[in-house]
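Chemist: Mind looking over this structure? Questions follow.
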Amino acid sequence: MNNKRLWLTTLAMTLACHLVPASAATLSGHVLDTNGNPLPGMQVIYTRDADARGASVVTVFSGTDGSFAFPEDFSERITSASDIGARGLGYEQVDRIQAGDRRAVDLTFVMQMKANQVDTAPASAWLTRRLPDRREQAAFIMNCIDCHQVPGPEVRHYAAAIADLHAADPEQALRQSWDSIVKYMNFLSAWEFSRGARGEGVELDTEAVYAVENSADVVNVMTAIFNDRMDHISDYEWGAPVITTPDTAVWEYAVPEPNNIREAVMLGDPARLLAADVGANRIVGIEVRTGRQRDYEVPTDYTIGPHSLHRGQDGTLWVTPLFNNTVARLNPDSGEWETWQLTTPEGGGVGIHDLSFSADHELLTDTRGRVWFSDIGNRAVGYFDPADGETRIWKTPVAESRANDVALYGSAAVYGLVMTSDQKEVWYSQLGNGVFGGFNVETEEFIGPFVLPDANAGPRRISISDDDIMYLALYGTGQIAEFDIKTRQMIAIHDLPDTASAPYAVTWDPVRKVVWAAVSNNDVIYRFDPATREFGVLPLPRPQTFIRMIDIDPATGVLVASTANIVEVVNGPRMAMIIDPGDGAYPERFLTATATAPHPAD
Amino acid sequence: MKRTAYVLLLLSMLPVPVLAQDAGESLVTSKMCYACHQLDSVSLGPPWRAIAARHGERREVMVEVLAGKIIRGGGGNWGLVPMVPNQRVSEAEARTMAQWILSLAGNTGNSR
């Protein structure tokens, strides 16, 4: 092509771009049953092409009349080949009818009820059926569900493979096979968590981090309950009303693999999802509007394994590591980092898990500007002073009734942490022995400890309301504990709608005045309303969601979270996500196209 | 371009089995096969050298059979423990690994 033709072609293409506006399609329609009746609460999931601008997957929900509408136009052309489908517990899509034109696509999905819910029931459905004893259930969950759902599809397929052996001694085949799987998973978790350091020739320690400690107990349970092909389950129900509306939407952003995405928040202008990759040394940044990704490498010459994220009141991001002594702070707009390597006056290290945060879910220091942290390694709480790095820790008192009952994880790891609104007390949870307590940062005295009924209660990430009510996610027993810090009294311990759902974290919502529970072993988010003591269910778009801590964007009220499947062979999603509950609690509807997430103080 | 051609020329001079062996040995590490297998000793699964000894004589067919086994997993004749599937391994990668395993037949040297 000569230069003149090239020039003319370029001109023609440029004009064409200006004369024909980019097609922007609206996408709406209905979800019906096979008799043509409207089906409410069904998900309509649009998985976009890899090069699409913005979210990788967008999901909306049908209303009472079966109608749905995606909140934003799509710039790409939507055809019958586009990956759009409907999903709902106990239903299977049998037809999809496309009408309308390319500017206004109208889709109708026809769903058939399916007695076998094997494709739509969550992992927890199997545990509640097969391990109904609550104590056994809690012990198993505490051992097994740190890295992925159990029994997720991979576990169930393996159960089928054992059954297909038709072994002369089925019990022996089950026991040997599940025993092998536990050892296999220990290797894989060590592999995953060494990703950031593997290039340095570090030997794998298969007993590290997420190794199953009580493997004999775990194998016993698996042998007893995962003992058939596991390809049929029926009559599972969510256990509470579905709270979605036609305005509910979920935007998922795929994070390139390999990754060990652990949790995510939204910050910056333009708004970015910032996701912690615990297997490497980075925060993955994803621009909400464009989907453009950028890695923020932590500037340390060793891997900290970013784990917990806390929004700062100044729009920065505080990052704590997986079990080591480095705290980092990122300015997402400039990309600049600040790091502190914490050492106690005695020269000891600390294992930071959470930093002190407030009812707004933002970092909250004490009145002297000191940042408090939970120390998972020393069973302690402590502070560091960002001004000079001064660090001190206080070992938590032993709960006498649990003194001989700390088999889980071999310790009573201090896990979650919150700070009271007067900045005088921090409160912590102890994952391994079902204990929690407080610490007065002025008098330097502990309050409690307080003992939960089950040693396997598994209090993990905790939250505090603006009225200093503390909520604890009880991972093992599938509950939310509601504790009044002012009166030092337990208000109540609430069973989740599914007690095998393994709640990893609870988050106080300061505008809606509700608690959101992120669960590991079910594909939903629970909403708990303390005023009515009622739960609601927000089903998420896909199996194996394995969601982690939920943050609430203060400007828009959307929930921000991520999936956290952290063993490579698990085919679960690796997504950072934005969830608009669609409840009208905030004046303006969230749109990714306009997301700027300004801080309220701006 | 010149450089690429030069590299390709050099590569073409190498005996193909050597390349496949190196690639296969490297893949069994990167695909985490050591979670269950070792070269000479029984781990959760059979040693690779034992697999090679059993199937090494029918190499052309067994490359395909073993590659399928690597991807699909399932029960076999090495005991009561089914192999886990490896859905993230491609057919080409599985074939390369199978070639490496079968190349161990009669090879008693320590290649790792």
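Chemist: Being modelled with pLDDT of 90 or more and polar (S, T, N, Q) is the filter here, so list the residues in the range A:401-432 that pass it.
Modeler: If the condition is that a residue be modelled with pLDDT of 90 or more and polar (S, T, N, Q), then A:T420, A:S421, A:Q423, A:S429, A:Q430 are the ones that fit.
Chemist: A:P573 passes all but one of (1) in contact with a strand residue (DSSP E or B) (Cβ under 7 Å, 6 or more places away or on another chain); (2) at pLDDT 90 or above; which number fails?
Modeler: Result: A:P573 passes all but (2).
Chemist: Look through the range B:18-41, keep the residues that are in contact (Cβ under 8 Å) with a residue 40 or more places away in the chain and within 20 Å of B:G73 (Cβ to Cβ), and return whichever of them is farthest from the other protein chains (Cβ to nearest Cβ).
Modeler: B:G24
Chemist: Suppose the filter is within 28 Å of the chain's Cα centre (by Cα), part of a loop (DSSP other than H, G, I, E, B) and of a type in the set (S, T, Y); does A:T365 pass it?
Modeler: yes
Chemist: Moving on. Tell me yes or no: at least one residue of the range A:250-266 is touching a helix residue (DSSP H, G or I) at 6+ places or on another chain (Cβ under 9 Å), at pLDDT 95 or above and not in a loop (DSSP other than H, G, I, E, B).
Modeler: Within the range A:250-266, one or more residues are touching a helix residue (DSSP H, G or I) at 6+ places or on another chain (Cβ under 9 Å), at pLDDT 95 or above and not in a loop (DSSP other than H, G, I, E, B).
Chemist: Take A:P153 and tell me if it is of a type outside the set (S, T, Y), surrounded by fewer than 21 Cβ atoms within 10 Å (Cβ to Cβ), more than 18 Å from B:A35 (Cα to Cα) and within 10 Å of another protein chain (Cβ to nearest Cβ).
Modeler: Considered against the rule, which asks whether it is of a type outside the set (S, T, Y), surrounded by fewer than 21 Cβ atoms within 10 Å (Cβ to Cβ), more than 18 Å from B:A35 (Cα to Cα) and within 10 Å of another protein chain (Cβ to nearest Cβ), A:P153 comes out as no.
Chemist: Take the residues in the range A:162-175 that are surrounded by 20 or more Cβ atoms within 10 Å (Cβ to Cβ) and not β-branched (V, I, T), then tell me which one is nearest to the other protein chains (Cβ to nearest Cβ).
Modeler: Of all residues in the range A:162-175, those surrounded by 20 or more Cβ atoms within 10 Å (Cβ to Cβ) come to A:162-163, A:173-174.
Those left that are additionally not β-branched (V, I, T): A:163, A:173-174.
Details: A:A163: 10, A:A173: 4, A:L174: 9 Å.
Restricting to residues being surrounded by 20 or more Cβ atoms within 10 Å (Cβ to Cβ) and not β-branched (V, I, T), the top hit is A:A173.
Chemist: A follow-up question, please. Residues that are among the hydroxyl-bearing types (S, T, Y): which helices (runs of 4 or more DSSP H) entirely in the range B:38-106 hold 1 or more of them?
Modeler: Working: elements: B:48-55, B:59-72, B:91-103.
Correct list: B:91-103.
Chemist: Six or more apart or on different chains, Cβ atoms under 7 Å: show the pairs whose first residue is in the range A:81-103 and farther than 23 Å from A:T244 by Cβ and whose second is assigned to a strand (DSSP E or B) and of a type in the set (D, E).
Modeler: Pairs that qualify, where the first residue is farther than 23 Å from A:T244 by Cβ and the partner is assigned to a strand (DSSP E or B) and of a type in the set (D, E), are A:A99/A:D106; A:G100/A:D106.
Rundown of residues vs (1) under 15 Å from the mean Cα position of the chain (by Cα); (2) more than 14 Å from chain B (Cβ to nearest Cβ), yes/no style:
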| position | (1), (2) |
| --- | --- |
| A:K513 | no, yes |
| A:R527 | yes, yes |
| A:V537 | no, yes |
| A:R542 | yes, yes |
| A:G557 | no, yes |
| A:V569 | no, no |
| A:A576 | yes, yes |
| A:I579 | yes, yes |
| A:L591 | no, yes |
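Chemist: Still on this structure, please answer the following. Can you tell me which residue is nearest to A:S189 (Cα to Cα) among those in the range B:69-89 that are more than 9 Å from every other protein chain (Cβ to nearest Cβ) and touching a residue at least 12 places away in the same chain (Cβ under 8 Å)?
Modeler: Looking at residues that are more than 9 Å from every other protein chain (Cβ to nearest Cβ) and touching a residue at least 12 places away in the same chain (Cβ under 8 Å), I get B:V89.
Chemist: Can I ask one more? In the list B:L66, B:L44, which residue meets the criterion of being crowded, with 18+ Cβ neighbours inside 10 Å, touching a residue at least 12 places away in the same chain (Cβ under 8 Å) and away from every other protein chain (no Cβ under 14 Å)?
Modeler: B:L66
Chemist: How many residues are of a type in the set (S, T, N, Q) and within 31 Å of the chain's Cα centre (by Cα) when one looks only at the range A:81-105?
Modeler: 2
Chemist: Quick one: is B:I101 more than 12 Å from every other protein chain (Cβ to nearest Cβ), closer than 30 Å to A:D169 by Cα and crowded, with 19+ Cβ neighbours inside 10 Å?
Modeler: When the stated conditions are applied, B:I101 does not pass them.
Chemist: Regarding the range A:427-441, can at least one residue be identified that is under 30 Å from A:E237 (Cα atoms), buried (at least 21 other Cβ atoms within 10 Å of the Cβ) and in contact with a strand residue (DSSP E or B) (Cβ under 6 Å, 6 or more places away or on another chain)?
Modeler: yes
Chemist: The conditions are (1) surrounded by 15 or more Cβ atoms within 10 Å (Cβ to Cβ); (2) within 14 Å of another protein chain (Cβ to nearest Cβ); (3) over 24 Å from A:D179 (Cα atoms), and B:A94 fails exactly one of them. Which is it?
Modeler: B:A94 satisfies all of (1) surrounded by 15 or more Cβ atoms within 10 Å (Cβ to Cβ); (2) within 14 Å of another protein chain (Cβ to nearest Cβ); (3) over 24 Å from A:D179 (Cα atoms) except (2).
Chemist: Examine the range A:396-410 for a residue that is of a type in the set (S, T, N, Q), buried (at least 23 other Cβ atoms within 10 Å of the Cβ) and in the same structural domain as A:M490 (by TED's automatic domain parsing), and state whether such a residue exists.
Modeler: Here is the first cut: in the range A:396-410, the ones of a type in the set (S, T, N, Q) are A:396, A:401, A:404.
Right, trim to buried (at least 23 other Cβ atoms within 10 Å of the Cβ) and you get A:396.
Then drop every residue that is not in the same structural domain as A:M490 (by TED's automatic domain parsing), which leaves A:396.
Checked against the condition, which is being of a type in the set (S, T, N, Q), buried (at least 23 other Cβ atoms within 10 Å of the Cβ) and in the same structural domain as A:M490 (by TED's automatic domain parsing), the range A:396-410 yields at least one hit.
Chemist: Where the second residue is part of a loop (DSSP other than H, G, I, E, B) and among the hydroxyl-bearing types (S, T, Y) and the first is touching a residue at least 12 places away in the same chain (Cβ under 8 Å) and lies in the range A:558-572, which pairs have Cβ atoms under 6 Å and are six or more apart or on separate chains?
Modeler: Correct list of pairs: A:T563/A:T545.
Chemist: If a residue must be surrounded by fewer than 14 Cβ atoms within 10 Å (Cβ to Cβ) and touching a Ser or Thr at 6+ places or on another chain (Cβ under 9 Å), how many such residues does the range A:41-63 contain?
Modeler: 2
Chemist: Related question: For the range B:69-90, which residues satisfy the criterion of being farther than 19 Å from B:K31 by Cβ and crowded, with 18+ Cβ neighbours inside 10 Å?
Modeler: Answer for the range B:69-90, where residues must be farther than 19 Å from B:K31 by Cβ and crowded, with 18+ Cβ neighbours inside 10 Å: B:G75, B:L80.
Chemist: Could you tell me whether the range A:213-235 includes any residue that is in a strand (DSSP E or B), hydrophobic (A, V, I, L, M, F, W, C) and either within 17 Å of the chain's Cα centre (by Cα) or outside the structural domain of A:G351 (by TED's automatic domain parsing) (or both)?
Modeler: No, the conditions are met nowhere in the range A:213-235.
Chemist: Given the criteria surrounded by fewer than 18 Cβ atoms within 10 Å (Cβ to Cβ) and either at pLDDT below 95 or under 29 Å from A:L89 (Cβ atoms) (or both), does A:A190 qualify?
Modeler: Criteria not met by A:A190.
Chemist: Moving on. If you check B:R58 against the conditions, is it more than 29 Å from A:E171 (Cβ to Cβ) and away from every other protein chain (no Cβ under 12 Å)? Give the derivation first.
Modeler: Numbers: more than 29 Å from A:E171 (Cβ to Cβ): yes; away from every other protein chain (no Cβ under 12 Å): yes.
So B:R58 passes the test.
Chemist: If you don't mind, another one. Looking at the structure I just gave you, is A:R156 within 31 Å of the chain's Cα centre (by Cα), within 23 Å of B:N86 (Cβ to Cβ), among the basic types (K, R) and not assigned by TED's automatic domain parsing to the domain that holds A:S67?
Modeler: Values: within 31 Å of the chain's Cα centre (by Cα): yes; within 23 Å of B:N86 (Cβ to Cβ): yes; among the basic types (K, R): yes; not assigned by TED's automatic domain parsing to the domain that holds A:S67: yes.
Here the answer is yes, as A:R156 does meet what is asked.
Chemist: Specify the residue that is surrounded by the most Cβ atoms within 10 Å (Cβ to Cβ); the eligible residues are those in the range A:64-87 that are assigned to a loop (DSSP other than H, G, I, E, B) and β-branched (V, I, T).
Modeler: The selected residue is A:I78.
Chemist: Between A:D509, A:D466, A:D422, A:D495, which is closer than 28 Å to A:V537 by Cα and either more than 22 Å from the chain's Cα centre (by Cα) or not acidic (D, E) (or both)?
Modeler: Answer to the check: A:D466.
Chemist: Now for a different question. Just the residues that are loosely packed, with under 13 Cβ neighbours inside 10 Å and either acidic (D, E) or touching a Leu at 6+ places or on another chain (Cβ under 9 Å) (or both), please, taken from the range A:91-103.
Modeler: A:D95, A:A99, A:D101
The values are calculated or read from the model by the stated rules, or taken from the named source; none is laboratory data. Note that this is a predicted model, so its numbers are computed, not measured. A quick note on method: Cβ atoms are made from the backbone with ideal geometry, for glycine too, and the neighbour counts reach across all protein chains shown.
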